[in-house]
Amino acid sequence: MKIRVLGSSAGGGFPQWNCNCRNCAGVRNGTVRARPRTQSSIAVTSGSADDTPTRRNAMPWALVNASPDILFQLRDSPGLQPARTVRDTALAAIVLVDGQVDHSTGLYMLREATRPWALWCTDPVYADLTRGNPILDVLSHYCGIDRRSVPLAGGGFVIEAIPGLHWRALPVASKPAPYSPNRAAPLRGDNVALVVSDERTGGKAFYAPGLAAIDEPLWQAMRSCDCVLVDGTFWTDDEMIRLGLSRHRARDIGHLAQSGEGGMIEWLERLAGGTRKILIHINNTNPILDEDSPQRSELERRGIEVAWDGLEIEL
Ligand code: MLT
Ligand code: MN
Ligand code: ZN
């Protein structure tokens, strides 16, 4: 399978339009060595690296999360436009891990599709996207969607249009979006982690851009994968409070910080040596974005990568 990181930043992107934190100001004026990043999304296919964009039998891809930056992300990903017909895309289905604004607003930008999108999401996410933030109702006036339910138990699911991949969703402790009627009392399935397996190569990936805690089923799933793409939002639990940008701790808004006791780094250290460990969904305040920061060096020493837009992973 191939995974392409379309957007590696958390909601707001990097630099964030109205932010003058050290990172955002620094990347704008050239005093911080860092790559700009768009908002959180990946694409997954069972194809291999030699699929060229114009091949007639171009492999179909799943878009996992639809970021508000999707149009720029597609422009930067020629492999997702095979140009077989006058209106075309290699995206054959959309999977959502939650109903957060940064993961769902891109659906509006994809409204010109020539057929309803096969859209995979859990029941609580579907409820949020037809109620608190009724994007899917609005879309029914454009391309519409063909909704598929992501199961939380049993054998997982298969996306018919993307043969060769098997998908499994695990509920994660996180938070539904602020607009959700369930914000204060999260439901099982508001947020999920995905395990994607390639039936041909046996490669297995874990993807969880939002994760406040790691329970036993999640840990077992992480341990079973060759590559984990995990919540890289914040370095410290009080990052936004210290910068005077928010009253909330990372864990209060559904994210496990990297540093500190019980933090993401400790978990990643316990994974088997050959596991590829990648932080994704990185908030613009996170010091790991600065390639010259001590925090970034610490990750390098520990063999933990920081995702960037355009990164491709073959499993
Ligand atoms: C989050 O995951 O907490 C976000 O990135 C929220 C947002 O979209 O603003
Ligand atoms: Mn987010
Ligand atoms: Zn910032």
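Data for the structure
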read-out	value
Residue in segment 173-189 that is under 21 Å from residue 44 (Cβ atoms), modelled with pLDDT of 95 or more and open to solvent by less than 20 Å² (accessible area, probe 1.4 Å) present	yes
Residue that is farthest from ligand 3 (Cβ to nearest atom) [pool: residues in segment 20-33 that are over 16 Å from residue 234 (Cα atoms) and in contact (Cβ under 8 Å) with a residue 40 or more places away in the chain]	33
Selection count, segment 112-166, where residues are closer than 17 Å to residue 65 by Cβ and not small (Gly, Ala, Ser)	22
Segment 132-154, residues that are over 19 Å from the mean Cα position of the chain (by Cα), in contact (Cβ under 8 Å) with a residue 12 or more places away in the chain and either farther than 19 Å from residue 97 by Cβ or surrounded by fewer than 15 Cβ atoms within 10 Å (Cβ to Cβ) (or both)	138, 142, 143, 144, 146
Candidates 315, 268, 299, filtered to the one that is farther than 29 Å from residue 17 by Cα, away from ligand 2 (no atom under 16 Å from the Cβ) and open to solvent by less than 10 Å² (accessible area, probe 1.4 Å)	268
Matching residues, segment 213-244, being more than 12 Å from residue 278 (Cα to Cα) and small (Gly, Ala, Ser)	213, 221, 224, 244
Residue pairs meeting the criteria (Cβ under 8 Å; at least 6 apart or on separate chains; first on the phi > 0 side of the Ramachandran plot, in segment 303-315; second open to solvent by 40 Å² or more (accessible area, probe 1.4 Å) and in a loop (DSSP other than H, G, I, E, B))	310/76
Every residue from segment 244-262 that is without any contact (Cβ under 8 Å) to a residue 12 or more places away in the chain and within 15 Å of residue 215 (Cα to Cα)	262
Residue within segment 18-41 that is surrounded by 22 or more Cβ atoms within 10 Å (Cβ to Cβ), away from ligand 1 (no atom under 16 Å from the Cβ) and of a type outside the set (A, V, I, L, M) present	no
Strands (runs of 3 or more DSSP E) contained in segment 205-315 and holding at least 1 residues within 12 Å of ligand 1 (Cβ to nearest atom) and closer than 25 Å to residue 64 by Cα	227-231, 276-280
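The values are calculated or read from the model by the stated rules, or taken from the named source; none is laboratory data. Everything numeric here is computed off the predicted structure, so don't read it as measured data. Using ideal geometry, Cβ is built from the backbone for each residue, glycine included, and neighbour counts are taken over all protein chains shown. Accessible surface is based on the protein model in full, side chains and every heavy atom, while ligands, DNA and RNA are left aside. Shrake-Rupley method; radii C 1.70, N 1.55, O 1.52, S 1.80 Å.
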